[in-house]
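Nothing in this text is a laboratory measurement; each read-out follows from the coordinates by a stated rule. Owing to the predicted nature of the structure, the values given are computational and were not obtained by experimental measurement. Here Cβ is always computed from backbone atoms with ideal geometry, including for glycine, and neighbour counts include all displayed protein chains.
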Amino acid sequence: MESVYTARYRGFESLPLRQLENVFVGSPSARARQPILSANMNKINLSDFSSTDTKIKYACAKQTIAISKDNPSELYPDFDFFAKLLDSPNSIFKWTAIQIIGYLSRVDKKKKVDKLLPRLIDFLNGGKMITANNTILCLSEIALNKPEYQDRIINELLKIENYDYETAECRNIALGKVILALGKFKGQIKNKKEVLNFLEKQTGNTRNATKKKAHELLGKLKK
């Protein structure tokens, strides 16, 4: 899976152990009540998100992302815990929650993800590239797992070309993530004029990696 982080955050597949943030989730009493997950998940304890040891809390975040991707049913009972992390002042925890919610949509029989969809979409236009990149991944997973939202999500992703991030280059990086996300829906988008127009425009993107992605996807859609 292509990393959704910039060079500053690379070197750790999902979350950077070296990123130091002294922000914890909840009070000590609340942390003590956090659930301990099942044995086949190596006894991950969600209270580790509140650990004072940076390596422990970010390793826990990395592991929960991996579990949500491979075995979302294991984490789904704790959906509300991750939904609350969307409000965390700790950006890494927020990014973790965004990714996990996307993967949990695969087993979301209670339609909890549906209620969060407007909020997730708002993250696309929050001015923060890394938050937007994680949200693009999340929304593409939701669109795969909940086809009734595909058109809406694709339309929202196309709007990113008009959003402002930290720099113009940050927007170009986000646009590259959009193109990768669109590639998951080749059958659905190959005759969508607005998507094809978007891709044609990105073939002139000033970022070579994004330009290349646009050319490659257009080539696949024309086969």
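Quick check, is Glu156 loosely packed, with under 14 Cβ neighbours inside 10 Å, touching a helix residue (DSSP H, G or I) at 6+ places or on another chain (Cβ under 8 Å) and free of Cβ contacts under 8 Å to residues at least 60 places away in the same chain?
Considered against the rule, which asks whether it is loosely packed, with under 14 Cβ neighbours inside 10 Å, touching a helix residue (DSSP H, G or I) at 6+ places or on another chain (Cβ under 8 Å) and free of Cβ contacts under 8 Å to residues at least 60 places away in the same chain, Glu156 comes out as no.
Quick grid of which residues meet (1) closer than 19 Å to Phe185 by Cβ; (2) more than 12 Å from the chain's Cα centre (by Cα):
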{"site": "Cys60", "(1), (2)": "no, yes"}
{"site": "Glu74", "(1), (2)": "no, yes"}
{"site": "Lys94", "(1), (2)": "no, no"}
{"site": "Leu104", "(1), (2)": "no, no"}
{"site": "Met129", "(1), (2)": "no, no"}
{"site": "Leu139", "(1), (2)": "yes, no"}
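Out of segment 49-68, which residues are in a helix (DSSP H, G or I) and free of Cβ contacts under 8 Å to residues at least 40 places away in the same chain?
Of everything in segment 49-68, those that are in a helix (DSSP H, G or I) and free of Cβ contacts under 8 Å to residues at least 40 places away in the same chain turn out to be Ser50, Thr54, Lys55, Ile56, Lys57, Cys60, Gln63, Thr64, Ile67, Ser68.
Report yes if some residue within segment 121-130 is in a helix (DSSP H, G or I), in contact with an Asp or Glu (Cβ under 9 Å, 6 or more places away or on another chain) and among the aliphatic types (A, V, I, L, M); otherwise report no.
Yes, segment 121-130 contains at least one residue that is in a helix (DSSP H, G or I), in contact with an Asp or Glu (Cβ under 9 Å, 6 or more places away or on another chain) and among the aliphatic types (A, V, I, L, M).
Find all pairs meeting these conditions: Cβ atoms under 6 angstrom apart; at least six residues apart or on different chains; first residue within segment 173-195 and in contact (Cβ under 8 Å) with a residue 60 or more places away in the chain; second residue polar (S, T, N, Q).
Partner pairs satisfying both residue conditions: Lys177/Asn133.
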